[in-house]
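Written out below as structure tokens is the structure these notes cover.
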Amino acid sequence: MSNIPVSDAVIFDTLRRVFGFRDFRPNQERVVRALLEKRDVLAVMPTGGGKSLCYQLPAVLLPGTCMVISPLIALMKDQVDGARANGIRAAFLNSSLMLEEWNEVIRDLLANDLDLLYVAPERFCLDHFRELLGRVQISMAVIDEAHCISEWGHDFRPDYLSLSGLVTMFPDLPVAAFTATATNRVQQDILEKLALRTPFLVRASFDRPNLYYDIQFKDNPDAQLVALIKKNKGKSGIIYRTSRKSVNDTSAMLQAKGFRALPYHAGLSDAERKRHQEAFICDEAEVIVATIAFGMGIDKSNIRFVIHADLPKSIENYYQETGRAGRDGEPAQCTLLFAQGDIPKVRFFIDSMTDDVERAKALGALSKVIAFASTSVCRRRALLEYFGESYPHENCSSCDICLGSREVVDCTREAQMLLSAIVRTEERFGAMHIVDIVAGSANKKIRDCGHDRLKTFGVGKAFEKKYWRQLVDELLAQKVIAKSEGLYPTLFLQPKALLLLRGEERLETVRVFEKKPLKALRDKSEPSGLAYNQELFELLRLLRKQIADEQGVPPYVVFSDRTLREMAAILPLTAEDMLAVSGVGEVKLERYGHQFLRILDRFQSEHR
Ligand code: ADP
Ligand code: ZN
């Protein structure tokens, strides 16, 4: 096959005309060039980093079809819709196709009429599929979600192992692997399993500058969720919860309050799950309440908030799940609701795991999550350091710690009350009983033990029992006290307790309040500082929804939020102005341009 060098002019021209972008995102250009030079590639880039463009642009330029292996039917469809919207000749082959559609794709493939063909990994085990590939011109092979080949990845798929034969199958073609999984172990594993030939390695920063991270003290989750959704009114968001029951309860609670929220978990039927996911993707439901199973198969780029209402399983999970927000580069909020009181529940669940190795792994992961949530280090720095990356800035100005919205409370006096109650009852009672003493509830057990006559009885009447319960958890977490094993665990003191009781040490706890939300964020992310009319933006959004429904694609496939915002800010009046908007390429201009221009025009004449 010929190997004509592709000039800069051609590359940038394609970027502008086909994709409608003025510049590459970090690393995109290097990957594009490596592929045009027919080198193998492993690109580790965060979600929203723009991986698709890295292979779609060379696919447009190189002769033959670029074959993309992708794990999920929904993802394939989304990618194909997105590519076609830019006028790229793209198709997929998977079990969702009818015979007629299938034959049409094969016909196009044999006629060399496809730039991109998406397929599922299991095809590679099939002889007739390999035979088919022998008869067509392939430009390169791309493995999307390449972490699926690694058993260390969060999403291992045995089918992916068959891809280790790709390099022998295509001795002269580049093989490119893409993943957003940040751990070095997974990266190493991908390289080994695929046996890439001196690949061009790209490891982008895992920083997601447009994401704002905060951790709020979880004291009234329902009210907190409602407040967060109200703040993001009308925008798309995911709420993660751990159990099916809590998913159902939360979505019912939100529905009762008039929000368009839908549940998503493994207990629903396939049809229901599909319907709920679709409603979310098409902006018909604003909030999806889900167990961690949700999100893998969707490319929705305009998710504006992700809330963890329960503790995530690991830092990796937390990063992946929050990473689903703001793929379009626009500001998005990631909030974790955290209370020490949640820890015992998770521990209990982990303790019931039968596999010793798995249990130890889960416990290790949990303790890292707790440390992440309890320390006062910049959230961004802590996350990046977890993945072995050092964050160069002192202040990220986009997390609760850096914005100073975190408050330290001195609870020494209150801790002393609890400790003294534990001492006076000879370390023989559990948390509830100790709390009853301090809070002064004279129930039967308290009276039977004569504990209502203790000096500490009722000293903490001023606070609710709930407060005292949380403080017990805090004392446990800070290892001031410990808890015995067994059915009726009792509390006993640790060395640190004596220092506290003598007043030689103080107890500080962290409470998180939202004081300065999302302010500094605006100036940080890409050109979102844009001033635009909200009403106009809504009109453009409505039109986008209408077009998307007509064409049976998700709204973000038509134009991203970012593109609409730019339109509303720049106010293009001509086709040429329109092409200057990021995300508007020639094909989209031709297809949708006049409809959007009409709205922009009308809006401007009405508001002159
Ligand atoms: P990933 O697969 O890495 O998560 P995508 O390929 O879905 O990311 O791209 C995320 C978003 O960024 C998409 O909306 C895409 O159109 C946009 N995008 C990609 N490259 C660029 C670019 N060079 N300039 C502006 N936006 C881009
Ligand atoms: Zn920070």
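Odds and ends about this structure:
- When the solvent-accessible area of the range 8-203 is split by element, carbon and sulfur atoms take up 52 percent of it, the probe being 1.4 Å.
- In this label model, Lys445 and Arg197 are separated by 7.2 nm, measuring between points 7 Å along each Cα→Cβ vector.
- Accessible area of Phe21 in the full protein assembly, 1.4 Å probe (Å², nearest 10): 80
- Cross-link check: pairs Lys300/Lys545; Lys444/Lys466; Lys235/Lys300; Lys51/Lys300 evaluated at a Cα-Cα cut-off of 18 Å; pairs beyond the cut-off: Lys444/Lys466.
- Counted residue by residue at 0.36 nm each, then reduced by the alpha carbon distance between them, the extension gain from Glu590 to Glu100 reaches 173.5 nm.
- Inverse of mean 1/r across different Cα pairs in the range 8-203, Kirkwood, Å: 16.8
- Scaled to the globular estimate 2.2 N^0.38 Å, the Cα spread of the range 44-101, given as radius of gyration, is 1.18.
- Extended-chain gain in nm, criterion 0.36 nm per residue less alpha-carbon gap, Tyr488 and Glu385: 33.1 nm
- Cα lying deepest toward the dipole's positive end in the chain, options Tyr213, Phe19, Asn86, charges on Cβ: Tyr213
- For the range 408-513, alpha-carbon Rg relative to the globular expectation (2.2 N^0.38 Å, N residues): 1.01
- Between the range 95-121 and the range 32-56, the alpha-carbon center distance in angstrom: 23
- Per-selection Kirkwood Rh - the range 9-60 (Cα, Å, 1 d.p.): 11.2
- Peptides 110-119, 140-149, 377-386 ordered by average Cβ neighbours within 10 Å, highest first: 140-149, 377-386, 110-119
- Rounded to the nearest 0.05, the FRET efficiency derived from the C-beta distance between Thr375 and Asp410 at R0 = 22 Å is 0.80.
- Taking every Cα-Cα distance in the range 118-187 and sorting them into 5 Å bins starting at zero, the pair-distance distribution P(r) comes out as 3, 15, 26, 25, 16, 9, 4, 1 percent.
- Working ranking of peptides 451-458, 436-443 by packing, defined as the average number of other Cβ atoms within 10 Å per residue, highest first, is 436-443, 451-458.
- Subtracting the Cα-Cα distance of Leu126 and Leu571 from their residue separation scaled by 0.36 nm leaves 155.0 nm.
- Model label points for Ala360 and Ala580, set 7 angstrom from Cα along the Cα-to-Cβ axis, are 6.3 nm apart.
- Hull shadow area, averaged, the range 250-293 [alpha-carbon convex hull, nm²]: 2.9
- Entry for the range 172-294 at q = 0.09, 0.11, 0.13, 0.18 Å⁻¹: log10 I(q)/I(0) = -0.41, -0.57, -0.72, -0.97, Debye formula applied to identical alpha-carbon scatterers, no solvent contribution.
- Figure legend: label point modelled 7 angstrom from the Cα of Lys38 along Cα→Cβ; no residues of the range 190-215 have amide N under 11 Å from it.
- Euclidean distance of C-alpha centroids, the range 250-304 and the range 580-608, integer Å: 31
- Gyration tensor verdict on the range 211-404 (Cα atoms; rounded if a/c is under 1.5, prolate if a/b is larger than b/c, oblate otherwise): oblate
- For the chain, averaging the sequence separation of C-alpha pairs within contact (under 8 Å, six or more residues apart) and dividing by the residue count gives a relative contact order of 14 percent.
- Normalised by 2.2 N^0.38 Å, where N is the number of residues, the C-alpha radius of gyration of the range 526-606 stands at 0.99.
- Using only side-chain charges placed at the Cβ, +1 for Lys and Arg and -1 for Asp and Glu, the dipole size of the chain relative to its Cα centre rounds to 1980 debye.
- The alpha carbons of the range 318-442 give a radius of gyration and a Dmax of 19.5, 59 Å, in that order.
- Cα-only Debye scattering, the chain: base-10 log of I(q)/I(0) at q = 0.06, 0.07 Å⁻¹: -0.38, -0.51
The values are calculated or read from the model by the stated rules, or taken from the named source; none is laboratory data. The shown structure was predicted, so the numbers you read here are calculated from the model rather than taken from an experiment. FYI the Cβ positions are ideal-geometry reconstructions off the backbone, even for glycines, and counts take in every protein chain you see. Ligands, DNA and RNA are stripped out before the accessible areas are found, and what is left, the full protein with its side chains, is counted by its heavy atoms. Shrake-Rupley method; radii C 1.70, N 1.55, O 1.52, S 1.80 Å.
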